[in-house]
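Accompanying notes for the structure given below.
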Amino acid sequence: MISSLVSIVLVIILSFFIFLSVLFIYMLVTKLMQNSLRQKINQHKEELRARVFEYLYRQNQNILEQDWNGKQWKAMEELFSDFADVVQGDEVQERITLFANSHFMEKYKRNLLHRRWSIRMNSLYAIEDFHLKSMVPYLLNTYEKRSLTQEERRQLLKILVLFQTNHWGELLKEPKWRLSEFMYRSLLGVMTESQFQVMVTNFDDFPEYIQLPVLDMIGIEGKREFLPFLEYLLRISSEEKKIRILKAMNELGYSKIIEWMEHVDFKESSWEERLMLSKLLGRTNHRESLLILTELLSDTHYDVRNNAAKSILSIKGGADLLYQVLETSEDRFARDMAEEWLQRGGQIRGR
């Protein structure tokens, strides 16, 4: 009985090692074949580079009528992609697009239906690089009929925005193509000025999950021309939207928040809103701001107290106020924060 079990175990162990050996050999052969293929493609790229350059920059049309084998076509695709990344000038870009339309478009149509995600994504990247606007109807038709990953939705929408496709704004807010806030910010970052203006002009037509990234990008990209828009929204917005508005104002170096305090009920607001308010008040250099910041020194949230003290110190007479808080306040947290920032500013006096 024991010998039979030992035999079975030995057979299992031997089978496992045979499996590992076969797997290793398979992986090794696959790697060698991939390396060989890559070497041949790189060799073809060097052979064909001059012809591609002649076509793009000297308008030599011979390349359009030549035929290539599979590896040469792959080399051509990579060469055109390399040039597309560094190209300058509309005429050269138009020649890249012409060649890609003629020779790569059918391949991308097939690849967009491929079961492998990486192949579908690479085709979408290539469509963007080669400016294949003629692919847009096919893209829309294809992706209306299938579910998409977040990355596919983002890349598809990026293509529609970059190509300024008709109704790109409507497609952007298509619910079933909803993206993360980060991805919406990346899309807004590639828009032209006129496209971003459309986003602001039609702000109310977009759902909040798109409105919030729009507000973020006004601050991130320093779009000071939209400050009046932010001021208007501050009067009518609440909660999360107001936090984003105040954050954008802070990033734009806004110094007139004291004039809009009636629209910021900081005593009833979230700590994030009070935090942004404490930062903005530090830009005003108004003594009136010191009164509000003194209240915020006693806030329940550490970050609010910390930024309130920092802002107080940036306003004329602020150091004296912090010293007064240190000496007379009954709030231990306010005293501790005042002392910390007086020490940071090198202005602590003997007690």
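The values are calculated or read from the model by the stated rules, or taken from the named source; none is laboratory data. As the structure is a computational prediction, the values presented were derived from the model and not from experiment. Glycine also receives a Cβ, built like all others from the backbone with ideal geometry; neighbour counts cover every protein chain displayed. Remember, those area values only see protein heavy atoms, side chains included, never the ligands or the DNA or RNA. Shrake-Rupley method; radii C 1.70, N 1.55, O 1.52, S 1.80 Å.
In the list Arg235, Arg224, which residue meets the criterion of being within 22 Å of the chain's Cα centre (by Cα), free of Cβ contacts under 8 Å to residues at least 40 places away in the same chain and surrounded by fewer than 16 Cβ atoms within 10 Å (Cβ to Cβ)? Give the derivation first.
Working: Arg235 fails: within 22 Å of the chain's Cα centre (by Cα).
Testing whether each residue is within 22 Å of the chain's Cα centre (by Cα), free of Cβ contacts under 8 Å to residues at least 40 places away in the same chain and surrounded by fewer than 16 Cβ atoms within 10 Å (Cβ to Cβ) leaves just Arg224.
Answer yes or no as to whether Lys223 is modelled with pLDDT of 95 or more and charged (D, E, K, R). Don't jump to the end; show me each part of the working.
Numbers: modelled with pLDDT of 95 or more: yes; charged (D, E, K, R): yes.
So Lys223 passes the test.
Would you be able to say whether some residue in the stretch 142-160 is in contact (Cβ under 8 Å) with a residue 12 or more places away in the chain, assigned to a loop (DSSP other than H, G, I, E, B) and on the phi > 0 side of the Ramachandran plot?
Initially, the stretch 142-160 is screened for residues in contact (Cβ under 8 Å) with a residue 12 or more places away in the chain, giving 142-143, 148-160.
Cutting the leftovers down to assigned to a loop (DSSP other than H, G, I, E, B) gives us 148-149.
From the residues that got through so far, the ones that are on the phi > 0 side of the Ramachandran plot too are none.
No - not one qualifying residue is present in the stretch 142-160.
Among the residues of the stretch 152-179, which ones are touching a Phe, Trp or Tyr at 6+ places or on another chain (Cβ under 8 Å) and either open to solvent by 70 Å² or more (accessible area, probe 1.4 Å) or among the charged types (D, E, K, R) (or both)?
Hits for the stretch 152-179 are Glu152, Arg153, Lys173, Arg178.
Can you tell me which condition Asp129 does not meet? The list is (1) within 28 Å of Phe83 (Cβ to Cβ); (2) open to solvent by 60 Å² or more (accessible area, probe 1.4 Å); (3) of a type in the set (Asp, Glu), and all the others hold.
The failed condition is (2).
Of the residues that sit in the stretch 72-86 and are of a type in the set (Phe, Trp, Tyr) and under 14 Å from His131 (Cα atoms), which one is nearest to the chain's Cα centre (by Cα)? Give the derivation first.
Applying the first criterion (of a type in the set (Phe, Trp, Tyr)) to the stretch 72-86 yields 73, 80, 83.
Within this subset, residues satisfying the condition of being under 14 Å from His131 (Cα atoms) are 80, 83.
Values: Phe80: 26, Phe83: 25 Å.
Among those that are of a type in the set (Phe, Trp, Tyr) and under 14 Å from His131 (Cα atoms), it is Phe83.
Just to be sure I understand, how many residues within the stretch 88-115 are among the hydroxyl-bearing types (Ser, Thr, Tyr) and over 19 Å from Asn141 (Cβ atoms)? Even if it seems obvious, please write down each step before you answer.
Kept after step one, since they are among the hydroxyl-bearing types (Ser, Thr, Tyr), are these residues of the stretch 88-115: 97, 102, 108.
Filter once more, keeping what is over 19 Å from Asn141 (Cβ atoms): 97, 102.
Count: 2.
Tell me which of these Phe182 doesn't satisfy, since it passes every other one: (1) surrounded by 13 or more Cβ atoms within 10 Å (Cβ to Cβ); (2) over 20 Å from Asp205 (Cβ atoms); (3) at pLDDT 90 or above.
Of (1) surrounded by 13 or more Cβ atoms within 10 Å (Cβ to Cβ); (2) over 20 Å from Asp205 (Cβ atoms); (3) at pLDDT 90 or above, only one is false for Phe182: (1).
With respect to Asn122, is the statement that it is at pLDDT below 90, open to solvent by 60 Å² or more (accessible area, probe 1.4 Å) and out of contact with any strand residue (DSSP E or B) (no Cβ under 7 Å at 6 or more places or on another chain) true? Quick ask: steps written out before the conclusion?
On the way: at pLDDT below 90: no; open to solvent by 60 Å² or more (accessible area, probe 1.4 Å): yes; out of contact with any strand residue (DSSP E or B) (no Cβ under 7 Å at 6 or more places or on another chain): yes.
No.
What number of residues in the stretch 92-119 are among the aliphatic types (A, V, I, L, M), open to solvent by 60 Å² or more (accessible area, probe 1.4 Å) and within 21 Å of Ile63 (Cα to Cα)?
Number of matching residues: 1.
Could you identify the single residue in Leu5, Leu10 that is loosely packed, with under 10 Cβ neighbours inside 10 Å and more than 30 Å from His131 (Cβ to Cβ)?
Numbers: Leu10 fails: loosely packed, with under 10 Cβ neighbours inside 10 Å.
Only one candidate qualifies: Leu5.
Scan the stretch 163-177 residue by residue and report those that are part of a helix (DSSP H, G or I) and under 19 Å from the mean Cα position of the chain (by Cα). First the steps, then the outcome.
The initial filter retains those residues of the stretch 163-177 that are part of a helix (DSSP H, G or I), namely 168-172, 175-177.
If the condition is that a residue be part of a helix (DSSP H, G or I) and under 19 Å from the mean Cα position of the chain (by Cα), then Trp168, Gly169, Leu171, Leu172, Trp177 are the ones that fit.
Would the stretch 301-313 turn up any residue that is at positive phi and small (Gly, Ala, Ser)?
Of the residues in the stretch 301-313, the ones at positive phi are none.
There is no residue in the stretch 301-313 that is at positive phi and small (Gly, Ala, Ser).
Could you list, in sequence order, the residues of the stretch 32-90 that are open to solvent by 60 Å² or more (accessible area, probe 1.4 Å), closer than 24 Å to Asn122 by Cβ and part of a loop (DSSP other than H, G, I, E, B)?
Answer for the stretch 32-90, where residues must be open to solvent by 60 Å² or more (accessible area, probe 1.4 Å), closer than 24 Å to Asn122 by Cβ and part of a loop (DSSP other than H, G, I, E, B): Asp67, Asn69.
Of everything in the stretch 294-331, what is of a type in the set (S, T, N, Q), part of a helix (DSSP H, G or I) and open to solvent by 60 Å² or more (accessible area, probe 1.4 Å)? Give them in sequence order.
Going through the stretch 294-331, the residues of a type in the set (S, T, N, Q) turn out to be 294, 298, 300, 306-307, 311, 314, 324, 328-329.
Remaining after also requiring part of a helix (DSSP H, G or I): 294, 306-307, 311, 314, 324, 328.
Across the stretch 294-331, the qualifying residues are Ser314, Gln324, Thr328.
Does at least one position in the stretch 97-118 carry a residue that is without any contact (Cβ under 8 Å) to a residue 60 or more places away in the chain, in a helix (DSSP H, G or I), of a type outside the set (Ser, Thr, Tyr) and more than 24 Å from Asp67 (Cα to Cα)? Show your work before the answer.
First pass over the stretch 97-118, keeping only residues without any contact (Cβ under 8 Å) to a residue 60 or more places away in the chain: 97-118.
Still in the list and also in a helix (DSSP H, G or I): 97-103, 105-111, 117-118.
Subset that is of a type outside the set (Ser, Thr, Tyr): 98-101, 103, 105-107, 109-111, 117.
Then keep just the ones that are more than 24 Å from Asp67 (Cα to Cα); that gives 117.
Yes, some residue in the stretch 97-118 is without any contact (Cβ under 8 Å) to a residue 60 or more places away in the chain, in a helix (DSSP H, G or I), of a type outside the set (Ser, Thr, Tyr) and more than 24 Å from Asp67 (Cα to Cα).
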